[in-house]
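Read the figures in this text as sums done on the coordinates, not as results from a lab. Because the structure is a prediction, the values reported are computed rather than measured. So basically every Cβ, Gly included, is an ideal-geometry build from the backbone, and we count neighbours across all protein chains shown.
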Amino acid sequence: MIDMTESDVRAALREVIDPELGVNIVDLGLVYAVEVADAEVRITMTMTTPACPLRDYISDLVESTIKSRLAEIHRVTGDVVDDPPWSEEMMCGEARRQLG
């Protein structure tokens with residue numbers, strides 16, 4: 001049995017930096033949900049804009065970061081959604097200060 005939590009996954013995802021904004025995707029508020037079951041993780045996230053040209057790149061980074069930081073995880077599923085749309089209010093205070 002894997003003893004992995006949502007917090008562990010979110011901590012690993014803080015290493016995934018939005019290349020345009022220079023802030024990690026968790027603090028930006030792009031990660032909506034994390035589900036951990038056994039050795040599988042499902043991440044529901046969005047992009048800052050629906051037509052984000054980096055969608056596939058960031059999705060690939062999410063998967064590779066989870067697999068490299070959390071060796072117990074064997075499968076990562078990423079769902080990129082456009083609803084609800086991202087807004088600046090979703091960022092944590094530190095991200096707002098960085099971009100301010």
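How many percent of DSSP beta bridges within the stretch 4-91 run antiparallel, rounded to 5? Mind dumping the intermediate values first?
On the way: 7 of 13 bridges.
Antiparallel: roughly 55 percent of the beta bridges in the stretch 4-91.
Give the range of the longest stretch in the chain that excludes all GluC sites (Glu not before Pro) found in loop regions by DSSP and having at most 16 other beta-carbon atoms within 10 Å. Before the final figure, lay out the partial values.
Numbers: sites that count: 15, 20, 72.
My reading of the result: 21-71 is the longest stretch.
Starting from the alpha-carbon convex hull of the chain, give the projected area averaged over all orientations, in nm². Could the numbers behind the result be given before it?
Numbers: hull surface 23.7 nm².
The number I arrive at for the chain is 5.9 nm².
What 222 nm value per residue comes from the helices of the chain, counting each DSSP H run with n ≥ 4 as -39,500 (n - 2.57) and dividing by all residues, nearest 500 deg cm²/dmol? Intermediate values should be presented prior to the final figure.
Numbers: 3 runs with 30 residues, N = 100.
My calculation for the chain gives -9000 deg cm²/dmol from helical runs alone.
Anyone know which of 11, 71, 39 comes out most mobile in the 10 Å Cα GNM of the chain?
Taking springs between Cα atoms under 10 Å, the residue moving most is 71.
Expressed as an acute angle from 0 to 90° and rounded to the nearest 10, what is the orientation of the C-alpha long axis of helix 55-69 relative to the principal long axis of the chain?
40
Which is farthest toward the positive dipole end of the chain among 32, 70, 5, measuring Cα position about the Cα centre, with Cβ charges +1 (Lys, Arg) and -1 (Asp, Glu)?
70
What nm value, rounded to one decimal, do you get for the distance between residue 64 and residue 7 when each label is placed 7 Å out toward the C-beta?
In this crude label model, residue 64 to residue 7 measures out at 2.9 nm.
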